[in-house]
Structure formats: structure tokens, C-alpha cells
1. Restricting to region 198-238, count the residues that are at pLDDT 90 or above, exposed (fewer than 15 other Cβ atoms within 10 Å of the Cβ) and more than 15 Å from the ligand (Cβ to nearest atom).
2. Looking at region 164-174, is at least one residue touching a residue at least 40 places away in the same chain (Cβ under 8 Å), within 14 Å of the ligand (Cβ to nearest atom) and not basic (K, R)?
3. Out of region 53-70, which residues are surrounded by 15 or more Cβ atoms within 10 Å (Cβ to Cβ) and in a helix (DSSP H, G or I)?
4. Go through (1) charged (D, E, K, R); (2) away from the ligand (no atom under 12 Å from the Cβ); (3) crowded, with 16+ Cβ neighbours inside 10 Å for D241 and report which single condition fails.
5. What's the total number of residues in region 71-80 that are within 12 Å of the ligand (Cβ to nearest atom) and surrounded by fewer than 19 Cβ atoms within 10 Å (Cβ to Cβ)?
6. Considering only residues of region 84-104 that are of a type in the set (D, E) and in a loop (DSSP other than H, G, I, E, B), which is nearest to P144 (Cα to Cα)?
7. Pairs needed: first member in region 116-136, farther than 17 Å from F222 by Cβ and in contact (Cβ under 8 Å) with a residue 24 or more places away in the chain; second member anywhere, more than 16 Å from the ligand (Cβ to nearest atom) and basic (K, R); C-beta distance under 6 Å; at least 6 residues apart or different chains.
8. Does region 20-33 contain at least one residue that is over 20 Å from L150 (Cβ atoms) and within 14 Å of the ligand (Cβ to nearest atom)?
Amino acid sequence: MDKSRLLSDPDRYYAQVPVWEARLRLWHWTNLLVFLLLIITYLLFDNHRMLGFSKPSTVLFQKMHVYLGYLFTVLVLGRLHLAFRGQVFSRWRDLDPRYDGKGFLPVMKEEIALHLRPKTDVRGRPVPDPDPGHNRLGRFLYLPLLTVLLPAQALTGLLWGSLKFGMIPLPFLHSLPKATAKPLTWVVSNLHAAGFYALLAFLVLHLGGLVKYELTFASDLFSSMIHGKKILTRESAEIHDRLTKGSRQENDPV
Ligand code: HEM
């Protein structure tokens with residue numbers, strides 16, 4: 001599919017408008033960087049034997065992992081703050097897949113069908129989702145990610161740091177009797193590991209979904225998370241206008 005032709009086709013695309021505010025984009029890419037550093041430090045200390053690390057080096061990577069975890073926690077809180085106080089497309093409303101009184105399951109079925117067999121325009125070209133903000137199918141990933149997965153991962157990580165090294169926020173956990181500390185550490189470690197695999201699964205679905213969307217609709221989704229703007233169909237642009245009416249978009253054209 002010829003992307004540049006489609007994006008400059010006035011019959012299909014209508015306007016390029018600001019969607020992702022700067023704070024959200026900054027959050028997204030900083031979060032990715034911290035996420036990757038957390039994975040690297042984890043892999044280093046988890047494979048310390050194979051890599052021949054001394055005990056102090058292993059502890060160093062473990063502590064680096066905890067410090068990165070503090071940064072990750074601040075980022076999670078920052079994103080939750082935006083969900084309440086950010087601009088229109090950062091808020092909960094734009095993360096909730098339900099619409100027109102339909103529940104989660106009917107919307108999910110409808111959206112999967114829509115993405116596998118998209119509606120076509122008069123020239124037979126697939127028509128993208130009319131939502132100007134988050135893709136409605138993507139919301140089924142973003143909502144549990146932001147409400148459950150990221151906060152739980154931050155929480156179990158903080159507990160692990162406190163149990164293992166007596167680090168904040170609960171340093172006293174390090175001095176618990178062994179009989180209590182051992183099973184507690186086991187539970188926390190396993191929850192944290194399960195969260196890690198769930199996050200990897202999210203990432204695979206997230207990237208797979210983005211690629212599928214770009215290939216199907218020849219959209220500008222990837223670059224939108226860099227410059228903050230999306231090229232929308234007339235229908236999407238009208239919804240965008242309605243949603244942003246009366247609220248200032250940070251990168252509004254002047
Ligand atoms: C190479 C890695 C990544 C790329 C290229 C990427 C790209 C993108 C793009 C283009 C969007 C906007 C499209 C949409 O609305 O569906 C997006 C949204 C989003 N991404 Fe990623 N992403 C990556 C990694 C991650 C990671 C590691 C996380 C979290 C652990 C994440 C969480 C999100 C969230 C929550 C959104 C929705 C925007 C928001 O409400 O904050 N992404 N991503």
C-alpha cells in the first residue's frame with residue numbers, strides 16, 4: 001500500500017491535528033527507556049552465575065534495578081496523574097473501550113472483526129477506526145496495563161527492594177524473622193516475575209497491533225507518538241473537534 005499517496009489523499013484524510021500532549025509522549029518514551037534498562041539489569045543479575053559475576057557486582061545490578069524501579073514508580077504515578085488531570089486524549093475517558101452503552105465484550109468482538117475485515121471506502125480501501133485518540137482495540141491493552149499491571153509491578157518491585165536490602169519504602173521488612181521473610185519474599189518475587197512476563201506479552205501485542213494497524217490502514221500511528229499529531233479522516237476530525245471543544249490542547253496550532 002502506498003502510504004504517502006494515501007496520506008496526501010484529500011478524499012481519504014482530512015486534517016493533521018494534535019492528539020498526544022508533550023507530557024504523554026515524554027512519559028511514553030522515558031517509560032520505554034526505563035523498561036529496557038530494568039530488563040537489562042534483571043537479566044544481568046539473574047544470570048550472574050553464567051556470566052561469572054562476583055557477589056558485589058550482582059548486588060550492584062540488583063540495587064541498580066531497585067533504583068530504576070523508583071523511577072518506574074514515579075513514571076507510573078505520573079501517567080495516572082495525566083489520566084485524571086491531563087489533556088483530553090490522556091484521560092481515562094479516552095482509555096475506556098466502551099461506547100454507545102455497549103459493554104467490554106461486545107465492543108471487543110466488534111473491534112476484532114473491524115480490524116480483521118475493515119470497512120472499505122468507495123474505492124475499496126480499508127477505512128481506519130474513527131477514534132481520534134487511542135485505538136479502541138488498543139484500549140483493551142492500555143486500560144489493564146495502566147490500572148493493574150504497571151502499578152502492581154511497581155508495588156511488588158518496591159516490596160522486593162525493602163525485603164532484600166531494607167530499602168525504602170518499607171525498610172523494616174528486611175529485619176522480619178526468617179520464617180516470615182522467606183515465604184513473603186517468595187510470593188513477592190513470583191508475583192514480580194509473573195508481572196514481568198505479562199509486560200513482555202503486552203509489548204508483543206502492542207507492537208504486533210501497531211504493525212498490523214499500519215499495514216492495514218497505512219496510517220501515521222508510529223510517528224504520532226513522536227510529534228503528537230495524527231492525520232485524521234473527516235469523521236475522526238469532527239469527533240476530535242467535539243472532544244476538544246472548550247479544552248486547550250497543549251500543541252494546538254497557533
Ligand atoms: C519499541 C517500543 C514501543 C513503541 C514503538 C511504541 C509505540 C507506541 C505508539 C505509536 C503508540 C500510539 C498508538 C496508539 O494509540 O495505540 C503507543 C501508545 C502507547 N504505548 Fe507504546 N510503544 C512502545 C513500547 C511501550 C511500552 C514498553 C509501554 C509500557 C510498558 C507502552 C505503553 C503504551 C501506552 C500505555 C500507550 C497509550 C498511550 C497512553 O495512554 O499513554 N509502549 N505506543
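1. Summing the residues that are at pLDDT 90 or above, exposed (fewer than 15 other Cβ atoms within 10 Å of the Cβ) and more than 15 Å from the ligand (Cβ to nearest atom) in region 198-238 gives 0.
2. no
3. T58, V59, L60, F61, Q62, K63, M64, H65, V66, L68, G69, Y70
4. (3)
5. Here is the first cut: in region 71-80, the residues within 12 Å of the ligand (Cβ to nearest atom) are 72, 75-76, 78-80.
Checking the rest, the ones that are also surrounded by fewer than 19 Cβ atoms within 10 Å (Cβ to Cβ) come to 78, 80.
Number satisfying all stated conditions: 2.
6. Top of the filtered list is D96.
7. V127/K119
8. Here is the first cut: in region 20-33, the ones over 20 Å from L150 (Cβ atoms) are 22.
Now drop any that are not within 14 Å of the ligand (Cβ to nearest atom), which leaves 22.
Yes: one or more hits.
The values are calculated or read from the model by the stated rules, or taken from the named source; none is laboratory data. The structure displayed is predicted, hence computed values, not measured ones. Neighbour counts run over all protein chains shown; Cβ positions are idealised from the backbone, glycine included.
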